[in-house]
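What follows is one structure encoded as structure tokens, with my remarks underneath.
The values are calculated or read from the model by the stated rules, or taken from the named source; none is laboratory data. Computed from a prediction, not measured in an experiment: that's the story for all the values here. Here the Cβ positions follow ideal geometry from the backbone for every residue, glycine too, while neighbour counts run over all protein chains shown.
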Amino acid sequence: MKKEFKTSTDLFEHYGSVIIPMCKGTSIEDTPWECVKCGVHIIDSHPSFVNKIEEYKFALTVLEDTPVFVGDMVYSKRDGTRFIVALNSGFNWRMITLTQPKSKRTFMLNGIKLPCPTKEPGVRLDFLGIDYEFESIDDRNDVAAAIKNMLDNAREL
């Protein structure tokens, strides 16, 4: 729900009770004003809130030591889905990143695009005594199902 700011006192209260605590433990702990925007004005110290109230915008969170504002681009850590931050996005911020995930390598098998195994430990697929690691159980299952389907279709009936 959007917080309505009607007076400069409302802005000061939000800054002191939400913004400053939100910055604690981050690299911007000593510069919480980085979480405040005011139109085209540069804020380089604690804001005085002397401009029009509607000009002020506050960050919704600090993610990876960076303030996140409405309109910023973020990504799901789970599947890399890109989102534009809205006021009431309802994100679980622990599952969001500012860093665009690198795209997964894939290969084609019978016209199906499948994820490549990784060199890093992950979810194991044992194929003829050789272990292949995948980033997720879904990736592993997609490859296993494609191989199974290919063999099932090739089997003599």
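Give me a count of the residues in segment 132-157 that are surrounded by 10 or more Cβ atoms within 10 Å (Cβ to Cβ) and over 24 Å from Arg78 (Cβ atoms).
To start, the set of residues in segment 132-157 that are surrounded by 10 or more Cβ atoms within 10 Å (Cβ to Cβ) comprises 132-150.
Okay, now just the ones that are also over 24 Å from Arg78 (Cβ atoms), so 147-150.
Of the residues in that region, 4 qualify.
Considering each of Gly90, Gly129, Gly111 in turn, give the residue that is closer than 30 Å to Val68 by Cα, small (Gly, Ala, Ser) and surrounded by fewer than 10 Cβ atoms within 10 Å (Cβ to Cβ).
Gly90
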Could you give every pair whose Cβ atoms fall below 6 Å, whose first residue belongs to segment 58-85 and is within 25 Å of Glu4 (Cβ to Cβ) and among the small types (Gly, Ala, Ser), and whose second residue is at pLDDT 95 or above and not in a loop (DSSP other than H, G, I, E, B), counting only separations of at least 6 or pairs across chains? Ala59/Cys35; Ala59/Pro67; Ala59/Val68
What pairs come out if I take residues in segment 29-40 that are assigned by TED's automatic domain parsing to the domain that holds Asp65 and pair them with residues that are surrounded by 13 or more Cβ atoms within 10 Å (Cβ to Cβ) and in a loop (DSSP other than H, G, I, E, B) whose C-beta lies under 6 Å away, six or more apart or interchain? Trp33/Ile43; Trp33/His46; Trp33/Pro47; Glu34/Ile28; Cys35/Ala59; Val36/Ile43; Val36/Pro47; Cys38/Asn51
Can you name the condition, by its number, that Lys24 falls short on among (1) among the basic types (Lys, Arg); (2) within 21 Å of Ser89 (Cα to Cα); (3) modelled with pLDDT of 95 or more? (2)
Please indicate, with yes or no, whether at least one residue in segment 31-48 is among the aliphatic types (A, V, I, L, M) and loosely packed, with under 13 Cβ neighbours inside 10 Å. yes
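Going by the structure shown, is Leu98 farther than 30 Å from Gly71 by Cα and either surrounded by 10 or more Cβ atoms within 10 Å (Cβ to Cβ) or not assigned by TED's automatic domain parsing to the domain that holds Gly71 (or both)? Reasoning before the result, please.
On the way: farther than 30 Å from Gly71 by Cα: no; either surrounded by 10 or more Cβ atoms within 10 Å (Cβ to Cβ) or not assigned by TED's automatic domain parsing to the domain that holds Gly71 (or both): yes.
Considered against the rule, which asks whether it is farther than 30 Å from Gly71 by Cα and either surrounded by 10 or more Cβ atoms within 10 Å (Cβ to Cβ) or not assigned by TED's automatic domain parsing to the domain that holds Gly71 (or both), Leu98 comes out as no.
Basic (Lys, Arg) and either outside the structural domain of Lys37 (by TED's automatic domain parsing) or in contact with a Leu (Cβ under 6 Å, 6 or more places away or on another chain) (or both): is that true of Arg78 in this structure?
no
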